[in-house]
1. Quick one: would you say Phe209 is over 30 Å from Ser460 (Cα atoms) and at pLDDT below 95?
2. When you look at Val259, is it in the same structural domain as Glu386 (by TED's automatic domain parsing), of a type in the set (A, V, I, L, M), crowded, with 21+ Cβ neighbours inside 10 Å and more than 27 Å from Ile219 (Cβ to Cβ), yes or no?
3. Taking the condition of being surrounded by fewer than 16 Cβ atoms within 10 Å (Cβ to Cβ) and either touching a Cys at 6+ places or on another chain (Cβ under 9 Å) or small (Gly, Ala, Ser) (or both), how many residues in segment 286-318 meet it?
4. Name the one entry in Gly98, Gly35 that is more than 25 Å from Asp202 (Cα to Cα), modelled with pLDDT under 70 and either of a type outside the set (Asp, Glu) or surrounded by 20 or more Cβ atoms within 10 Å (Cβ to Cβ) (or both).
5. If Asp419 passes every condition in (1) within 14 Å of Ala257 (Cα to Cα); (2) touching a strand residue (DSSP E or B) at 6+ places or on another chain (Cβ under 9 Å); (3) not β-branched (Val, Ile, Thr) but one, which one does it miss?
6. Out of the strands (runs of 3 or more DSSP E) lying entirely within segment 241-316, which hold 3 or more residues that are at pLDDT 90 or above and under 28 Å from Glu365 (Cβ atoms)?
7. Hey, does segment 384-394 have a residue that's of a type in the set (Val, Ile, Thr) and either more than 21 Å from Arg417 (Cα to Cα) or touching a residue at least 60 places away in the same chain (Cβ under 8 Å) (or both)?
Amino acid sequence: MSDENTSRLISALTNDMKTVEDYYLDTILAVVDIGVSFAGAVFLMLWYSPFLTLAAILLSILPILVSVVPAKRLAEAEKKVSDANAGYVEIIKDILSGFPVIKSFQAEKEIQERFALDNNKIENIKYIRRYAEENVNLLSTAASVIMRLGVFMIGAWMSVSGTDVTPGVVLVFLQLVTFVISPIERIPPRLANRKAAIAIMDKISDFLFENNEISGEEIPLTLSDGISIKDLSFGYENDRQILRHIDLHFQSGKKYAIVGGSGSGKTTLLNLIMQTADSYQGSILFDGTELRSIHPDSLFQTISLVQQNVFVFNDTLYHNVTLYKDFPENDVSKAVSESGLSQLIASHGNGYICGENGSALSGGEKQRISIARALLRNTSVLLMDEATAALDEITANSIMNSFLAMENITGIVVTHRLDETIMQKYDEIIVLHHGEVAEKGTFDHLINKRGLFYSLFTVSK
């Protein structure tokens, strides 16, 4: 999931689905309409002259045949347009997400020039697609003209050869052939577009289900031993090692704080525990079961994560807390109370609309929603990554006190808040430095040691 390209997904569910709707679904309805008029015309033609009808049908194959190769090119061009659309969506997403940075660097002109170049690139690709479609239309029209001329020539020959086909029948036939030619002119382009749509559908299917076959072991909902990390090292591709030879054990039911300076690897460690990457060296064991072999569904039934960045839907407070699932009202009320959301709900009510990505809420209120979600799930392992960073000290301490008092929950908290009262309640404090475990122990032990943690604690006061 961490490697999933959201821009590709957005493009697939917008641009590509519109292509499927226009060129696949609408084509089915159009073919039904065309088929009715075609069948009626052929029936009358057979009534007037079966032989001339046979000749017309044989000639009608020509427009379809000449469109086969251009249709293949059109399908290829449609896939290129789809890929270009995904890149275009990614550019838009980057510009909108990085708008404050662009403004602060006064880089509007440069970004606009880059956008113009990318926009011209995608328009050129679309032009190639339109050119391929027009080739299909042109060849189909030319072939239908040849068909009409062929029917006229054969009919004229039959009328002067003493057959039962009279000049009047030929004129009627030419009128009926129009109802045959018109569908045939329309069918090749539509079939070509349908072929292109099928190519897009195959691409969407491959993309959406490329990770569909996931296997793995089931683990208990409640850990009996805990999480063991043995000789763990990790680094992103073409990057330095972020974690080096980490050895830790998070005992079931106990609470742990992970502290350290920026870039020490705290968040990376939590992310690895959440199964975001399997390219690490060493082992991460849940009750002795290697994380790589655990089924994601089983893992996420056991573990919850509260992050610093919170996504909030443009919906009610209640639905943002429950994420549209059904929970007992007592459980919802308890999660709301323990997360510090009670005052907000008392002021605005459960039906208060949060706005797009929580625009109607403060940063602290969004954090409370995230914490309430995690508490409501009631998993046996709860991870927090700077979860109280946007909260005031009183609210943050209140939430952490509630969290530390929870029984039968294994808690791992990444934090920069080194409040003495809170720190003393952790079973163990782990200090990371440059991707390594520099120190670990209780608050009193680390303070008396007067090492790195003592320095961090002193600076934070």
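The values are calculated or read from the model by the stated rules, or taken from the named source; none is laboratory data. As the structure is a prediction and not an experimental result, all values here were calculated from the model. Methodologically, a virtual Cβ is constructed for each residue, glycine included, from the backbone with ideal geometry; neighbour enumeration extends over all protein chains shown.
1. On the way: over 30 Å from Ser460 (Cα atoms): yes; at pLDDT below 95: yes.
Yes, satisfied.
2. Details: in the same structural domain as Glu386 (by TED's automatic domain parsing): yes; of a type in the set (A, V, I, L, M): yes; crowded, with 21+ Cβ neighbours inside 10 Å: yes; more than 27 Å from Ile219 (Cβ to Cβ): yes.
Answer is yes for this residue.
3. Qualifying residue count, segment 286-318: 4.
4. Working: Gly35 fails: modelled with pLDDT under 70.
None of the others qualify; the one that does is Gly98.
5. (2)
6. Working: elements: 243-251, 255-260, 281-286, 303-306.
Fully inside segment 241-316 and qualifying: 255-260.
7. So in segment 384-394, the residues of a type in the set (Val, Ile, Thr) come out as 388, 394.
Within this subset, residues satisfying the condition of being either more than 21 Å from Arg417 (Cα to Cα) or touching a residue at least 60 places away in the same chain (Cβ under 8 Å) (or both) are none.
For segment 384-394, residues of a type in the set (Val, Ile, Thr) and either more than 21 Å from Arg417 (Cα to Cα) or touching a residue at least 60 places away in the same chain (Cβ under 8 Å) (or both): absent.
For (1) at pLDDT below 85; (2) surrounded by fewer than 16 Cβ atoms within 10 Å (Cβ to Cβ); (3) under 12 Å from Val259 (Cα atoms); (4) aliphatic (A, V, I, L, M), each residue gets a yes or a no:
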site	(1), (2), (3), (4)
Tyr352	no, no, no, no
Gln367	yes, no, no, no
Thr379	no, no, no, no
Ile399	yes, no, no, yes
Met406	yes, yes, no, yes
Thr410	no, no, no, no
